[in-house]
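Encoded as structure tokens, the structure appears first; notes follow it.
The values are calculated or read from the model by the stated rules, or taken from the named source; none is laboratory data. Bear in mind the structure is a predicted one, so any value in this text is a computation, not a measurement. Glycine also receives a Cβ, built like all others from the backbone with ideal geometry; neighbour counts cover every protein chain displayed.
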Amino acid sequence: MSSYVLNAEYGTYWRFMKKLCMTELLSAPQINKFVDIRREEMMRLVGVLVESSSKRAAVDLGEELMIMTNNVICRMAMSTRCSSSADESKEIRRLVKGILDLAPKFSLGELLGPLGKLDLFGYGKKLKELMSQFDDLAERIMREHEERRESKEERERRDMMDILLEISGDGSAEVKITRKDIKSFLMELFMAGTETVSVALQWTLAELINHPEVYKKLRDEIRTVVGSDKLVEESDVPNLPYLQAVVKEGLRLHAPAPMIFRKAREDCKILGYDVPENSRIIFNVYAIMRDPNSWEEPTRFVPERFFVGSGTEKHYLNQVDIKGRTFNYLPFGSGRRGCPGSSLASTVNHLTVATLVQCFDWKIKGGDKFDMEEGSGLSSGVANPIVCYPIKSFNPGGDAIPTE
Ligand code: HEM
């Protein structure tokens, strides 16, 4: 399978797929259709944490967040089943994780030049095996989708695979997409979407737990706005400015995609420097979002920096948005190559942070603070697992929160 969107050169195919992402697959109406899936996955996560709380058992929060984000994206992409007998989401998680772990090592192989072709470390072979396993699984799910389409079985809503199959069968579409394209593209979405979201969540929650005063302030906001008898919902988020600032600050300090890449299509000048055509340009987003010229005390976790004014006159700075229009804040990149998954990522980020803060207190296993050392890899996750004891702290009357 080849990569088409993530690393693709600007061209007809990329333009077509990007437009499809923005107008259909990852558009606001499509995201809204799956609100119940996100709620279900959130309740599944809350259930796991409530059980650990009752058993006084520690959880690897990173692992649980990865399961939740992967399930959400898999179910929105191709309605995978998650029962214990046919846990397709789990299989996809295994394959995507394997591919993400191997991909940087494989690039190292490429760096070795002609020697890389020998695949000295066997990474290329392993990568191919995992890709082929993903292809088999996606092929099976695609056939199920096709059978349902042929039998004209009514579907409550179309997932991404339904939409892509419909377009592949549309003779008048600007670009003809094949079955292979669909499988490659879904693989890319999993690679781009699952780890980034769970890494962002891990960092933000670790910062929150390390900063009890911020945690308390956020919980107070949620309790004041949402009340004490219901769980926070996606529709509450616009009324929770401090939550939005917390999520923004998490992404500022810990960009899951710390570098963005461009290629000059023609000779140009940037800040007086000559940049010849075809140059590869790497933007260090991590450094930009910690630049002391733009950010006061840049390495501190301070969500208040996104508010202006003083006392009761404080206003939340909506204009520092995630769309890449503020050039010192670029967690999702910028311009036409900017991240098409930013709305979905933000929806999942806000709901998860708000739910976990509303429902739990935490005790860190083996210390008072999480170690905030950064790991290596394509997305910059935490170096050491975030292991802690959840303590259930919220019991909304009559709501669907699981009890011990
Ligand atoms: C917190 C979560 C996420 C972060 C921080 C993030 C960040 C980024 C960044 C920095 C880029 C490169 C932008 C540029 O070059 O200007 C990117 C590209 C991309 N992202 Fe995301 N992303 C996240 C979640 C997602 C999700 C959930 C999806 C889809 C399910 C997704 C799909 C993509 C795709 C397809 C591209 C390639 C776009 C292109 O080349 O035109 N991302 N992302």
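Data table
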{"read-out": "Flag if GLN244 is in a helix (DSSP H, G or I) and within 17 Å of the chain's Cα centre (by Cα)", "value": "yes"}
{"read-out": "Matching entry among ALA287, ALA264 (being surrounded by fewer than 16 Cβ atoms within 10 Å (Cβ to Cβ), within 16 Å of the ligand (Cβ to nearest atom) and modelled with pLDDT of 95 or more)", "value": "ALA287"}
{"read-out": "Filtered residue count, segment 305-363, keeping only those that are surrounded by 19 or more Cβ atoms within 10 Å (Cβ to Cβ) and in contact with a strand residue (DSSP E or B) (Cβ under 6 Å, 6 or more places away or on another chain)", "value": "3"}
{"read-out": "Any pair with Cβ under 6 angstrom, 6 or more apart, that starts in segment 170-186 at a residue that is free of Cβ contacts under 8 Å to residues at least 40 places away in the same chain and closer than 17 Å to ASP159 by Cβ and ends at one that is part of a loop (DSSP other than H, G, I, E, B) and not polar (S, T, N, Q)", "value": "none"}
{"read-out": "Boolean, MET22 is surrounded by 19 or more Cβ atoms within 10 Å (Cβ to Cβ), under 24 Å from LEU164 (Cα atoms) and either among the aliphatic types (A, V, I, L, M) or at pLDDT below 95 (or both)", "value": "no"}
{"read-out": "Positions within segment 213-245 being within 16 Å of the ligand (Cβ to nearest atom) and out of contact with any Phe, Trp or Tyr (no Cβ under 9 Å at 6 or more places or on another chain), in sequence order", "value": "GLU234, VAL237, LEU243"}
{"read-out": "From ARG158, ARG252, residue being assigned to a helix (DSSP H, G or I) and under 22 Å from the mean Cα position of the chain (by Cα)", "value": "ARG252"}
{"read-out": "Condition check for ILE209: within 16 Å of the ligand (Cβ to nearest atom), among the β-branched types (Val, Ile, Thr) and either at pLDDT 95 or above or out of contact with any Lys or Arg (no Cβ under 7 Å at 6 or more places or on another chain) (or both)", "value": "no"}
{"read-out": "Every residue from segment 218-235 that is surrounded by 18 or more Cβ atoms within 10 Å (Cβ to Cβ) and either on the phi > 0 side of the Ramachandran plot or among the charged types (D, E, K, R) (or both)", "value": "ARG219, GLU221"}
{"read-out": "Single residue of segment 319-346 satisfying the filter (of a type in the set (D, E, K, R) and in a loop (DSSP other than H, G, I, E, B)) that is farthest from the ligand (Cβ to nearest atom)", "value": "ASP321"}
{"read-out": "Residue among PHE394, PHE370 that is assigned to a loop (DSSP other than H, G, I, E, B), buried (at least 18 other Cβ atoms within 10 Å of the Cβ) and touching an Asp or Glu at 6+ places or on another chain (Cβ under 9 Å)", "value": "PHE370"}
{"read-out": "Among the candidates MET131, MET160, residue that is of a type outside the set (Phe, Trp, Tyr), under 30 Å from HIS350 (Cβ atoms) and surrounded by 15 or more Cβ atoms within 10 Å (Cβ to Cβ)", "value": "MET160"}
{"read-out": "Among (1) touching a residue at least 60 places away in the same chain (Cβ under 8 Å); (2) within 11 Å of the ligand (Cβ to nearest atom) - the single one TRP14 does not satisfy", "value": "(1)"}
{"read-out": "Qualifying positions in segment 44-62 - in a helix (DSSP H, G or I) and surrounded by 15 or more Cβ atoms within 10 Å (Cβ to Cβ)", "value": "ARG44, LEU45, VAL46, VAL48, LEU49, VAL50, GLU51, SER52, SER53, LEU61, GLY62"}
{"read-out": "Residue within segment 347-359 that is hydroxyl-bearing (Ser, Thr, Tyr), within 12 Å of the ligand (Cβ to nearest atom) and at pLDDT 95 or above present", "value": "yes"}
{"read-out": "Search result, residues across segment 174-227 that are of a type in the set (Val, Ile, Thr) and either assigned to a helix (DSSP H, G or I) or out of contact with any helix residue (DSSP H, G or I) (no Cβ under 8 Å at 6 or more places or on another chain) (or both)", "value": "ILE182, THR194, THR196, VAL197, VAL199, THR204, ILE209, VAL214, ILE222, THR224, VAL225, VAL226"}
{"read-out": "Qualifying residue in segment 269-284 (condition: within 28 Å of ASN239 (Cβ to Cβ) and among the aliphatic types (A, V, I, L, M))", "value": "no"}
{"read-out": "Residue in segment 39-60 that is within 14 Å of the ligand (Cβ to nearest atom) and not acidic (Asp, Glu) present", "value": "no"}
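Conditions (1) over 20 Å from the mean Cα position of the chain (by Cα); (2) closer than 25 Å to VAL72 by Cβ, marked per residue:
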site: ASN284; (1), (2): no, no
site: ILE288; (1), (2): yes, no
site: ASN293; (1), (2): yes, no
site: GLU304; (1), (2): yes, no
site: GLU313; (1), (2): yes, no
site: ASP321; (1), (2): no, yes
site: THR326; (1), (2): yes, no
site: ASN349; (1), (2): no, yes
